[in-house]
Structure formats: C-alpha cells, structure tokens
Amino acid sequence: MNSLERGIVMTVNSIMAFRDEKGNRIEYKILDELIVNKAGYLIMSPINNSSSYEFYKLKFDKHMNEQLLSVDDNKEIEMIKKASHINFKV
C-alpha cells in the first residue's frame, strides 16, 4: 500500500491534489466516503480520467495525523464497491 498524508477534512465531490513520485500535481475528485467493517474508505477519481476509480483507506497515527493508504487487494476493493452508492460499470 502506498500512503498519502493529508491534514484536512474530506467531503464527497471535493477536489484533492497530490504529488506523484515524480513531483507532478494530480487532482482527484472524492466520489464517496464510507465506513466498512469499522474502517474508513474514500473512492476517488482523477480529474482528467473520470472513468478510473481509486480506493483509499483512511488511517490515523498516534498524533491523529491522517493518511490515505492505497487499497490494492481485490477482495477489499470488492467489499468497498458493494457498500458504496456508486453504480460501478461492469
């Protein structure tokens, strides 16, 4: 899992920006924020590719700093999809 540190409150339809490994700025739209099995998740889509979905797990360290961990496990992704209000195209 890759992590992205954030320190702001996130809401559905808001835009977040990150820097990739090469330092390029990438903007994402938050499509859904949900809790599944007591864990918080975000589903986001890059602004320039709205048909692509990315899944992140919310984590907090002991100082309550927020991190987003990329979800790569297919079973976990399917669990998130089933709980989401988004109609994923097959």
Of the heavy-atom accessible surface of the range 7-76 (probe 1.4 angstrom), what whole percent is carbon and sulfur? 47 percent
Going Cα to Cα from Lys75, which aspartates and glutamates come in below 15 Å? Please leave out same-chain ones fewer than 8 positions away. Glu54
The answer for the net charge of residues other than Ile86 whose Cβ lies under 14 angstrom from its Cβ, with Lys and Arg +1 and Asp and Glu -1, is 0
Going residue by residue through the range 17-26, the Karplus relation 6.51 cos²θ - 1.76 cosθ + 1.60 with θ = phi - 60° gives ³J(HN,Hα) values, rounded to whole Hz and with x marking Gly or Pro, of 10, 9, 10, 7, 4, 8, x, 6, 7, 10
Phi to ³J(HN,Hα) by Karplus 6.51 cos²θ - 1.76 cosθ + 1.60 over the range 27-40, Hz, x for Gly, Pro: 9, 10, 9, 7, 9, 7, 10, 8, 10, 10, 6, 6, 10, x
Cα-based shape type of the range 8-90, given that a ≥ b ≥ c are square roots of the gyration tensor eigenvalues and the cut on a/c is 1.5: oblate
With the 1.4 Å probe rolled over protein heavy atoms, the chain has an accessible area per residue in Å² of 70 Å²
Explain nothing, just the number: dipole magnitude of the chain about its Cα centre with +1 on each Lys and Arg Cβ and -1 on each Asp and Glu Cβ, in debye rounded to the nearest 20. 120 debye
Longest exposed-loop-site-free stretch of the chain, with trypsin sites (Lys or Arg not before Pro), DSSP loop and at most 15 other Cβ within 10 Å? 63-88
Which part of the range 61-90 falls in the paramagnetic zone of Ser50, meaning amide N under 17 Å from the point 7 Å along Cα-to-beta-carbon? 86-89
Karplus-derived 3J(HN,Hα) from phi for the range 66-73 (6.51 cos²θ - 1.76 cosθ + 1.60, θ = phi - 60°), whole Hz, x at Gly and Pro, runs 8, 10, 10, 9, 5, 8, 10, 6
State whether the range 31-74 is rounded, prolate or oblate according to the following rule on the C-alpha gyration tensor (a ≥ b ≥ c being the square roots of its eigenvalues): a/c under 1.5 gives rounded; otherwise a/b larger than b/c gives prolate, and the remaining case gives oblate. prolate
What does a probe at Lys89 reach in the range 30-61, counting residues whose amide N is under 11 Å from the point 7 Å along Cα→Cβ? 50-52
Could you tell me the accessible area of Phe88 in Å² (1.4 Å probe, neighbours in place), rounded to the nearest ten? 30 Å²
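The values are calculated or read from the model by the stated rules, or taken from the named source; none is laboratory data. All figures in this text were calculated on a predicted structure; none of them were measured in a lab. Virtual Cβ from ideal backbone geometry, glycine too; neighbours counted across all protein chains shown. Just so you know, the surface numbers come from the protein's heavy atoms only, side chains and all, with ligands and any DNA or RNA stripped out. Shrake-Rupley method; radii C 1.70, N 1.55, O 1.52, S 1.80 Å.
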